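Novice: Structure provided below as structure tokens; questions to follow.
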Protein chains: 2
Amino acid sequence: MPTTSTNAVPPNDSQPHDARLHNSRLMKAMRREPTDTTPVWIMRQAGRYLPEYMAVRSKVTFIELCKRPELAAEVTLTAQRVLGVDAAILFADLLPMLEPMGIDLEYQKGEGPVIHNPIRTAAEVDRFRELEEVSSLQFVFDAVKLIRRDLPADIPLLGFAGSPFTLASYVIEGGSSKNYLTTKSLMYRDEGAWTTLMQRLARSLVRYINAQIDAGCQAIQLFDSWAGCLSPSDYRRYAMPFTKQVIDGIRPGTPVINFLTGNPALLPLLREAGGDVIGLDWRVDFAEGWRTVGYDVGVQGNLDPVSLMADLPTLRSRAKAVLDAAAGRPGHIFNLGHGVFPEVPPDNVKALVQMVHELGAK
Amino acid sequence: MPTTSTNAVPPNDSQPHDARLHNSRLMKAMRREPTDTTPVWIMRQAGRYLPEYMAVRSKVTFIELCKRPELAAEVTLTAQRVLGVDAAILFADLLPMLEPMGIDLEYQKGEGPVIHNPIRTAAEVDRFRELEEVSSLQFVFDAVKLIRRDLPADIPLLGFAGSPFTLASYVIEGGSSKNYLTTKSLMYRDEGAWTTLMQRLARSLVRYINAQIDAGCQAIQLFDSWAGCLSPSDYRRYAMPFTKQVIDGIRPGTPVINFLTGNPALLPLLREAGGDVIGLDWRVDFAEGWRTVGYDVGVQGNLDPVSLMADLPTLRSRAKAVLDAAAGRPGHIFNLGHGVFPEVPPDNVKALVQMVHELGAK
């Protein structure tokens, strides 16, 4: 049954391949249609916990892996296959899209991303260029094409990008941050410069995301990984309008998962920003979270990622608690509340996927 | 008017000094009695942003400052005096109480606290000794006596301690942590060892806190600085019972501020754990936070600490937004949502205190 949500996928049964994607577990759940069991994928499923990933990663740097389509495709496809998850997610990073915007980005060993020319004043905002056209990010779209070519016909491919606030905080802080002192200082002291920066990011994101869709992605996840540092009134004023601008600009027909971590009090506003599915981290009770965002959207999440460090009976009971809270309501996509940690035993991730498929069976 | 809360201060007008404390702004607000204006103090008010603090701190290490009562008293008293706040808070740290419990603690330059013998297994829990008596922490109580002797008679002195979960996470991780992987792994894999550890912490905290009260503190704040990493069901199971045990063990007649940061979804459970006043960080809307914890307790908070980096008109409008949300309801103690940052201009902190007293006047 088609939904009323803005980005719901219209039926397209003319091509068998498209029909199988359209009727896949994940795409059905995005439309809140019943599925045979609960679909599941794992944030950062192609990651360092996985020996198959490490085998590829050991030969190249992180940024090379992002920029070599055949390698990005390989780790994406392998993770989907070995885990048996219901979606693949493009292997990529949030930040390379900033390079053609004038950002000097480096991934330092063990340090994470560093931006050598952070933007901290109104004058510096002027040199932050909007992404007018996306050809310099062709490596991303080439990876999408390779992945889509080789993925099983019933497995959707998720594209993704950072939400404007999260990208802005990287650009302003010059890397990850504990307190977002510099970001919020600019926000509070120069709202004009802030708005200019965020609008450039939002327009750039729309182009980047739509090019991912054109290349073959079936759905999109937005990651607002750092917006949890904002109060509700600050999120509403300084972040939400730009996330909404991105979602409103995404090509109709492609469902959007809108994910934010770090502050359950923002959930009503996250919903207001848009999306067909709202991502719940683990800080909120699942049933309470779905009630809060409303049953007219789907939800994704919300197992604490550290659950994967537990023994299997404990992991099972924790997964079951989430599924019990979902109570079989169509529109639930099982996932962790945030990305899987490198320390996690890969067998536990595989076991979790099986548990969800078994326990979620209707 | 006395309240029904368990730790409310009974009137004691027999001694003029006690009467002035009893009728101070802060103590009245803790009992949800009307005050002439909104009381205000600043978490970490004796901290690195303050030149008077740095002048003392430059001569000794951080741990020496904690352990030399005359210096701890000096920075405590100076901060209260130069800011004009309605409370002093003992200068101390959460972790030195762990040393007599068998923890090998070091404050490394620029690195924060490091514990050289973290506790990670059931066997290691056995060597974590309960604090049977508090004489090895006499430096804390001596500081309390010195401060109380020299504080103005209408300025209460707050004692404080970490909540059991926050202390446990330090003990297990060996320092601060991003993901609490080791803490939660122990919690999930060996609940018996976890419970033993938490009970020892809770009983030790009761003795430590009551000794602060005996030495001269008028109220106590508990800091659960890291519990925001827990889901509501995990907080209820693994943290709340032990926080409740501490609060229930605090000498009756001394009000308790129960503070947690990082997860607004825990507020109903924080309330359930106890306390006369519930601390709100900045992630939650003030009015929504007070409604959530109930109007039969006071609230403290909740200005985003980065607001102090803004220009004064912005700071004023942000402070006013909190006061407007409190709507003059008795029982509001103005504070930041977490500690003041070292980068903040001290004049802004002084200006904030004046703004609150002016805007909060009844």
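Novice: List every residue pair whose Cβ atoms sit under 8 Å apart, with the two residues 6 or more apart in sequence or on different chains, where the first one lies in the stretch A:78-100 and is more than 23 Å from A:Pro255 (Cα to Cα) and the second, anywhere, is among the small types (Gly, Ala, Ser) and outside any helix (DSSP H, G or I).
Specialist: Filtered contacts from the stretch A:78-100: A:Thr78/A:Ala46.
Novice: Give me the residue from the stretch A:269-291 that is touching a Lys or Arg at 6+ places or on another chain (Cβ under 8 Å) and surrounded by fewer than 24 Cβ atoms within 10 Å (Cβ to Cβ) and, out of that set, nearest to A:Pro34 (Cα to Cα).
Specialist: Taking the stretch A:269-291 and keeping what is touching a Lys or Arg at 6+ places or on another chain (Cβ under 8 Å), we get A:269, A:272-274, A:276, A:278, A:290.
Narrowing further to those that are surrounded by fewer than 24 Cβ atoms within 10 Å (Cβ to Cβ): A:269, A:272, A:274.
Details: A:Leu269: 27, A:Glu272: 25, A:Gly274: 22 Å.
Step by step, filter the stretch A:269-291, then rank; the result is A:Gly274.
Novice: Can you confirm whether B:Thr254 is assigned to a helix (DSSP H, G or I), buried (at least 19 other Cβ atoms within 10 Å of the Cβ) and more than 13 Å from every other protein chain (Cβ to nearest Cβ)? Give the steps one after another, and end with the answer.
Specialist: Numbers: assigned to a helix (DSSP H, G or I): no; buried (at least 19 other Cβ atoms within 10 Å of the Cβ): yes; more than 13 Å from every other protein chain (Cβ to nearest Cβ): yes.
So B:Thr254 does not fit the description; no.
Novice: Among residues belonging to the stretch A:325-338 that are more than 10 Å from every other protein chain (Cβ to nearest Cβ), in contact with a helix residue (DSSP H, G or I) (Cβ under 9 Å, 6 or more places away or on another chain) and of a type outside the set (A, V, I, L, M, F, W, C), point out the one that is nearest to A:Gly47 (Cα to Cα).
Specialist: Residue satisfying both the conditions and the ranking: A:His332.
Novice: Which of the residues that make up the stretch A:339-362 are surrounded by fewer than 15 Cβ atoms within 10 Å (Cβ to Cβ) and within 14 Å of another protein chain (Cβ to nearest Cβ)?
Specialist: Answer for the stretch A:339-362, where residues must be surrounded by fewer than 15 Cβ atoms within 10 Å (Cβ to Cβ) and within 14 Å of another protein chain (Cβ to nearest Cβ): A:Pro342, A:Glu343, A:Pro345.
Novice: Within the stretch A:121-134, count every residue that is more than 30 Å from A:Pro39 (Cβ to Cβ) and assigned to a loop (DSSP other than H, G, I, E, B). Step through it out loud before you land on a result.
Specialist: Here is the first cut: in the stretch A:121-134, the residues more than 30 Å from A:Pro39 (Cβ to Cβ) are A:121-133.
When the remaining residues are screened for being assigned to a loop (DSSP other than H, G, I, E, B), the result is A:121, A:127-133.
Of the residues in that region, 8 qualify.
Novice: Quick one: would you say A:Lys184 is of a type in the set (Lys, Arg), touching a helix residue (DSSP H, G or I) at 6+ places or on another chain (Cβ under 8 Å), at the interface with another protein chain (Cβ under 10 Å from one of its Cβ atoms) and in a helix (DSSP H, G or I)?
Specialist: Answer is yes for this residue.
Novice: For the stretch A:328-362, how many residues meet the condition of being under 25 Å from A:Ala55 (Cβ atoms) and of a type in the set (A, V, I, L, M, F, W, C)?
Specialist: The number of residues fulfilling the criteria is 8.
Novice: One residue is enough: does the stretch B:243-251 have a residue meeting the conditions of a type in the set (Gly, Ala, Ser), over 29 Å from B:Ser136 (Cα atoms) and surrounded by fewer than 19 Cβ atoms within 10 Å (Cβ to Cβ)?
Specialist: no
Novice: Do you know which residues across the stretch A:49-68 are closer than 16 Å to A:Tyr107 by Cα and either of a type in the set (A, V, I, L, M, F, W, C) or in contact (Cβ under 8 Å) with a residue 12 or more places away in the chain (or both)?
Specialist: If the condition is that a residue be closer than 16 Å to A:Tyr107 by Cα and either of a type in the set (A, V, I, L, M, F, W, C) or in contact (Cβ under 8 Å) with a residue 12 or more places away in the chain (or both), then A:Arg57, A:Val60, A:Thr61, A:Phe62, A:Ile63, A:Leu65, A:Cys66, A:Lys67, A:Arg68 are the ones that fit.
Novice: If I ask for residues that are out of contact with any helix residue (DSSP H, G or I) (no Cβ under 7 Å at 6 or more places or on another chain) and part of a loop (DSSP other than H, G, I, E, B), which ones from the stretch A:75-120 would you list?
Specialist: Once the filter is applied, which keeps residues that are out of contact with any helix residue (DSSP H, G or I) (no Cβ under 7 Å at 6 or more places or on another chain) and part of a loop (DSSP other than H, G, I, E, B), the stretch A:75-120 yields A:Gly102, A:Asp104, A:Lys109, A:Gly110, A:Glu111, A:His116, A:Asn117.
Novice: Only one of A:Ala319, A:Ala325, A:Ala310 is buried (at least 16 other Cβ atoms within 10 Å of the Cβ), over 27 Å from A:Glu52 (Cβ atoms) and over 17 Å from the mean Cα position of the chain (by Cα). Can you tell me which?
Specialist: Result of the check over A:Ala319, A:Ala325, A:Ala310: A:Ala325.
Novice: Next up: If we keep just the residues of the stretch B:176-198 that are closer than 27 Å to B:Ile257 by Cβ and at pLDDT 95 or above, which is nearest to the chain's Cα centre (by Cα)?
Specialist: Only one residue fits best here, namely B:Met198.
Novice: Now for a different question. Is it fair to say B:Ile119 is touching a Phe, Trp or Tyr at 6+ places or on another chain (Cβ under 7 Å) and among the β-branched types (Val, Ile, Thr)?
Specialist: Working: touching a Phe, Trp or Tyr at 6+ places or on another chain (Cβ under 7 Å): yes; among the β-branched types (Val, Ile, Thr): yes.
Against the criterion (touching a Phe, Trp or Tyr at 6+ places or on another chain (Cβ under 7 Å) and among the β-branched types (Val, Ile, Thr)), B:Ile119 qualifies.
Novice: For a quick check of your reading of the model, give me the residue pairs whose first member lies in the stretch B:300-318 and is at the interface with chain A (Cβ under 9 Å from one of its Cβ atoms), whose second is among the hydroxyl-bearing types (Ser, Thr, Tyr), with beta-carbon atoms closer than 6 Å and at least 6 apart or on different chains.
Specialist: That search, which allows pairs on different chains as well, returns B:Asp304/A:Ser231; B:Met309/A:Ser185; B:Ala310/A:Tyr188; B:Thr314/A:Tyr188; B:Leu315/B:Ser307; B:Arg318/B:Ser307.
Novice: Being within 15 Å of the chain's Cα centre (by Cα) and either aliphatic (A, V, I, L, M) or assigned to a helix (DSSP H, G or I) (or both) is the filter; apply it to the stretch B:211-222 and report the residue that is surrounded by the fewest Cβ atoms within 10 Å (Cβ to Cβ).
Specialist: B:Ile213
Novice: Taking the criterion of being more than 14 Å from every other protein chain (Cβ to nearest Cβ), over 19 Å from the mean Cα position of the chain (by Cα) and in a helix (DSSP H, G or I), would at least one residue in the stretch B:199-207 satisfy it?
Specialist: Yes: one or more hits.
Novice: Among the residues of the stretch B:156-181, which ones are surrounded by 24 or more Cβ atoms within 10 Å (Cβ to Cβ), in contact with a Phe, Trp or Tyr (Cβ under 7 Å, 6 or more places away or on another chain) and part of a loop (DSSP other than H, G, I, E, B)?
Specialist: Hit for the stretch B:156-181 is B:Ser163, nothing else.
Novice: So, B:Ala153, is that one more than 14 Å from every other protein chain (Cβ to nearest Cβ) and in a helix (DSSP H, G or I) or not?
Specialist: no
Novice: Within the stretch A:223-244, how many residues are in a helix (DSSP H, G or I) and either within 14 Å of chain B (Cβ to nearest Cβ) or within 17 Å of the chain's Cα centre (by Cα) (or both)?
Specialist: 15
The values are calculated or read from the model by the stated rules, or taken from the named source; none is laboratory data. These numbers were taken from a predicted model, which means no experiment stands behind them. So basically every Cβ, Gly included, is an ideal-geometry build from the backbone, and we count neighbours across all protein chains shown.
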